[in-house]
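These notes concern the structure reproduced below.
The values are calculated or read from the model by the stated rules, or taken from the named source; none is laboratory data. On a predicted model such as this, the values are computed, not experimentally measured, just so you know. Counting neighbours? That spans all protein chains shown, and the Cβs are built from the backbone with ideal geometry, glycine included. Heads up: the accessible areas ignore ligands, DNA and RNA and are worked out on the full protein's heavy atoms, side chains in. Shrake-Rupley method; radii C 1.70, N 1.55, O 1.52, S 1.80 Å.
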Amino acid sequence: MNLKFTVDEKMSSLNCSVPGFKYDDFDRSGFLNLAKVNRMLEMSRLNDFMLISPEFHTTKMRSFLFGSQLKASKHLYKTAAVDHPMKFHMQLSNVGRSSIDAEQSLVDDQTGTVLVQRIVRIVNIDPLTKTAAPLSDDLRKLLKEKIHASGDNQLPRLEFPADVPEKHFVHRESVRFSDMDFVFHSNQGSYLLYAFECAAMAASKGFYSKILDDICFYPAKSALGLHVAECFAGDALQVITWEDEKNPMLIYFVVKNKNGVAYNAKVEFYSPEELT
């Protein structure tokens, strides 16, 4: 899809028109699959950062996506279509010692309703130690000047249980070559797809207490995930899930490869009553 981006004068935000969603973005229920939307936004992330912050080219910053949060409105699931004109917007929202946050959104062209909001955090990585490295003072100052007055939307902390509870469900996945991105590791957007596949299998086995049939009839309200390690084509994954003790519509996921935890996430799903 050839989209034309416009960048504001401060080079701190960008916009473009999007004609709609792909057929592949919808699942067997007819609802939009939020994991597919997440992957779509993730695939455009690096190019978007380069457009609004050309300094990334000159500083040779090596970035790693640390985490992301998505929030989906009910309007998204009620109106999403292949022919659905939208506006895509992205702006820098926070600058930390070694990290940069940005906010992405898809807005209904006709009503102005925010359909999806996504906050992403990239972290500067030292290529030798593979740990977080401070941004230069000059780069931090430059980026902070680009943050909009409406910014300061930071990636929230992932409140996550210390241990996997005794009652949990395990699903096994294998990383596909089609999950790779241009640096030949599993694209960050793929992990939520692994989690959703695990949830579908768990629901089909009657594991959850409130999600009683095919999980595709329970669209995702929000998703917060943190990336811990890389995965590569052919890696065998163990995806573990369980529900929150107080809110059974809030589901936890841990994705593990042979080296340990690669991804943690929690997803809250809409109940059918909330969508009526």
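Just one of (1) within 21 Å of the chain's Cα centre (by Cα); (2) open to solvent by 60 Å² or more (accessible area, probe 1.4 Å); (3) farther than 21 Å from LYS221 by Cβ fails for VAL95. It is (2).
Within region 1-35, the set of residues being at pLDDT 90 or above, open to solvent by 30 Å² or more (accessible area, probe 1.4 Å) and not in a loop (DSSP other than H, G, I, E, B) comprises SER17, TYR23, ASP24, PHE26. Of the residues making up region 145-167, those that are modelled with pLDDT under 85 and either under 25 Å from the mean Cα position of the chain (by Cα) or within 13 Å of ASP101 (Cα to Cα) (or both) are LYS146, ILE147, HIS148, ALA149, SER150, GLY151, ASP152, ASN153, ALA162. For GLN238, the conditions (1) among the polar types (S, T, N, Q); (2) open to solvent by 80 Å² or more (accessible area, probe 1.4 Å); (3) outside any loop (DSSP other than H, G, I, E, B) all hold with the exception of (2). Against the criterion of being on the phi > 0 side of the Ramachandran plot, modelled with pLDDT of 95 or more and not in a helix (DSSP H, G or I), GLY206 qualifies. Restricting to region 69-117, name every residue that is touching a Gly at 6+ places or on another chain (Cβ under 9 Å) and among the hydroxyl-bearing types (Ser, Thr, Tyr). Matches in region 69-117: SER93 only.
Selection over region 258-276 of residues that are open to solvent by less than 30 Å² (accessible area, probe 1.4 Å) and either in contact with a strand residue (DSSP E or B) (Cβ under 6 Å, 6 or more places away or on another chain) or assigned to a loop (DSSP other than H, G, I, E, B) (or both) gives a count of 7. Among the residues of region 189-199, some residue qualifies, meaning at least one is closer than 21 Å to MET40 by Cα and part of a loop (DSSP other than H, G, I, E, B). Scanning region 209-224 for residues that are outside any loop (DSSP other than H, G, I, E, B) and either modelled with pLDDT of 95 or more or surrounded by fewer than 18 Cβ atoms within 10 Å (Cβ to Cβ) (or both) yields a total of 6.
If you go through region 100-132 and pick out every residue that is open to solvent by 20 Å² or more (accessible area, probe 1.4 Å) and small (Gly, Ala, Ser), you end up with 2. Filtered by the rule that a residue be under 14 Å from the mean Cα position of the chain (by Cα) and either within 26 Å of THR131 (Cβ to Cβ) or among the small types (Gly, Ala, Ser) (or both), region 65-92 gives LEU65, PHE66, GLY67, SER68, GLN69, ALA72.
Look at GLU230 and say whether it is outside any helix (DSSP H, G or I), open to solvent by 30 Å² or more (accessible area, probe 1.4 Å) and under 27 Å from ASP101 (Cβ atoms).
Considered against the rule, which asks whether it is outside any helix (DSSP H, G or I), open to solvent by 30 Å² or more (accessible area, probe 1.4 Å) and under 27 Å from ASP101 (Cβ atoms), GLU230 comes out as yes.
The lone criterion from (1) at pLDDT below 90; (2) part of a loop (DSSP other than H, G, I, E, B) left unmet by LEU92 is number (2).
Would you pick out the residues in region 168-185 that are modelled with pLDDT of 85 or more, open to solvent by less than 70 Å² (accessible area, probe 1.4 Å) and not in a loop (DSSP other than H, G, I, E, B)? Within region 168-185, PHE169, VAL170, HIS171, GLU173, SER174 qualify.
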